[in-house]
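Student: Dumping the structure here so I can ask a few things about it.
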Amino acid sequence: MLMLGVHGMSVVTAVTAQNSVGVHGVWPLPAEAVAAQFRAVVDDIGVDAVKVGMLGTAQVAAEVAKLLAGLDPAVPVVVDPVAVSKHGDALLADDALDVLRNELLPRATVVTPNLDEVRVLTGLTVTDVDGMREAAARMLELGPAWVLVKGGHLESDRAVDLLSNGPDEVTLTALRDETRHTHGTGCTLASAVAAYLARGRTVPEAVRAAKLFVTSAIAHGFPLGEGIGPVDHGWKLRQPL
């Protein structure tokens, strides 16, 4: 977010123990702790956009939905429906799925599921772009204004994402970078979309710019630890020593 000219403020929903090889523990915070952090930020400083990531429990998901309902409807909300980690670890309780579908997604300006999250939320297994189009239509039935279906898990030499609001559709493609150091791509993309929306871009403009940013961050990803290394958010700042 700093790289894209905005100041990011955090509301922590859970503490995780994780590294490049997996998630080793998850400890959700109480809903009242989440609400207190949110109020501390919003009541003093205010927000121009919100990005929602890992929620963990139904109680936290319901609390976040209630907090978002109290915001000015003009404030854009980007929901990254984090359900499974990069390593396949579950990050969302089963009873939280209905809360996500019924209470949170209807408030979303953009929801950014990957193909695993599409399957969890809609039951669809997507294997091609036509499947992504069907998945977007199913997701739109849950109430968000726009859906960005991320196709990074498709077997293809290009990374294809599909943005749709029903009548309008945008396909975004980039050459696939053959690297395994992609830890953080989903969080980075959703955060970048929120940053550009906060700066006044339209949803298609924000998503296009965010796609370019995350593609470069992936290209500059680096090995860290023994597993999947991170993308590099600060790649523009790197100078030879």
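Student: Run lengths n ≥ 4 of DSSP H only: what is the helix-derived mean residue ellipticity at 222 nm for the chain, with -39500 (n - 2.57) per run over all residues, to the nearest 500? List each step's numbers first, then the result.
Tutor: Working: 7 runs with 81 residues, N = 241.
The helix contribution divided over the chain gives -10500 deg cm²/dmol.
Student: Say the dipole of the stretch 180-241 comes from +1 at the beta carbon of Lys and Arg and -1 at that of Asp and Glu; which of I218, V193, P230 then lies farthest toward its positive end?
Tutor: The listed residue farthest towards the positive side: V193.
Student: Roughly how far apart, in whole Å, are the Cα centres of the stretch 187-241 and the stretch 9-78?
Tutor: 21
Student: Right, here's the next one. Of the candidates L163, L104, L124, which one comes out as most mobile in a Gaussian network treatment of the chain with C-alpha springs shorter than 10 Å?
Tutor: Maximum among the listed residues: L124.
Student: To continue, here is another question. Using a Förster distance of 22 Å, how high is the FRET efficiency between A69 and E32, based on the Cβ-Cβ distance and rounded to 0.05? Each step should come with its number before you reach the end.
Tutor: On the way: r = 17 Å, r/R0 = 0.78.
The pair A69/E32 has a calculated efficiency of 0.80.
Student: In nm, what is the difference between 0.36 nm times the number of residues separating T179 and R238 and their Cα-Cα distance?
Tutor: This chain segment gains 19.3 nm when fully extended.
Student: Antiparallel DSSP bridges in the stretch 112-223: what percent, to the nearest 5?
Tutor: On the way: 11 of 12 bridges.
Approximately 90 percent, going by the DSSP bridge assignments.
Student: From Cα pairs below 8 angstrom and at least 6 apart in sequence, can you work out the relative contact order of the chain, rounded to a whole percent?
Tutor: Relative contact order for the chain comes out at 17 percent.
Student: Still on this model: Subtracting the Cα-Cα distance from 0.36 nm times the residue separation, let me have the gained length for H7 to D95 in nm, one decimal.
Tutor: Contour length minus Cα-Cα distance gives 28.4 nm.
Student: Report the FRET efficiency, 1/(1 + (r/R0)^6), for D130 and N165, where r is their Cβ-Cβ distance and R0 is 25 Å, rounded to 0.05.
Tutor: 0.85
Student: Right, something else. Given the Cα atoms of the chain, and with Rh set as the inverse mean 1/r over their pairs in the Kirkwood sense, what is Rg to Rh to two decimals?
Tutor: 0.94
Student: Gaussian network model of the chain, Cα springs within a sub-10 Å range: biggest mean-square fluctuation belongs to which of T112, T57, T179?
Tutor: Answer for the Gaussian network model of the chain: T179.
Student: What ranking of R133, R180 emerges when the number of other C-beta atoms within 10 Å of each C-beta is taken as an exposure proxy, fewest first?
Tutor: So the residues, fewest neighbours to most, are R180, R133.
Student: Here is a follow-up. Among D98, D80, D232, what is the fewest-to-most ranking by other Cβ atoms within 10 Å?
Tutor: Ordered from fewest to most neighbouring Cβ atoms within 10 Å, D98, D80, D232 come out as D98, D232, D80.
Student: What is the sum of charges around L104, taking Lys and Arg as +1, Asp and Glu as -1, for the other residues whose C-beta is under 15 Å from the C-beta of L104?
Tutor: -3
Student: What ranking, highest mean first, results for peptides 182-189, 42-49, 195-202 when packing means the other Cβ atoms within 10 Å averaged over each residue?
Tutor: 182-189, 195-202, 42-49
Student: May I ask you to list, by number, the DSSP H helices of the chain whose Cα span along the axis is at least 15 Å and whose average Kyte-Doolittle hydropathy reaches -0.5 or more?
Tutor: Values: long enough: 31-44 (20 Å, 0.42); 58-69 (16 Å, 1.18); 129-140 (16 Å, 0.07); 185-198 (20 Å, 1.39); 203-219 (24 Å, 1.04).
Flagged H segments are 31-44, 58-69, 129-140, 185-198, 203-219.
Any read-out appearing in this document is the output of simple, stated calculations on the displayed coordinates, not a laboratory observation. Given the structure is predicted, the values throughout are model-derived calculations rather than measurements. In this analysis, Cβ positions are derived from the backbone assuming ideal geometry, glycine residues included, and neighbour counts consider all displayed protein chains.
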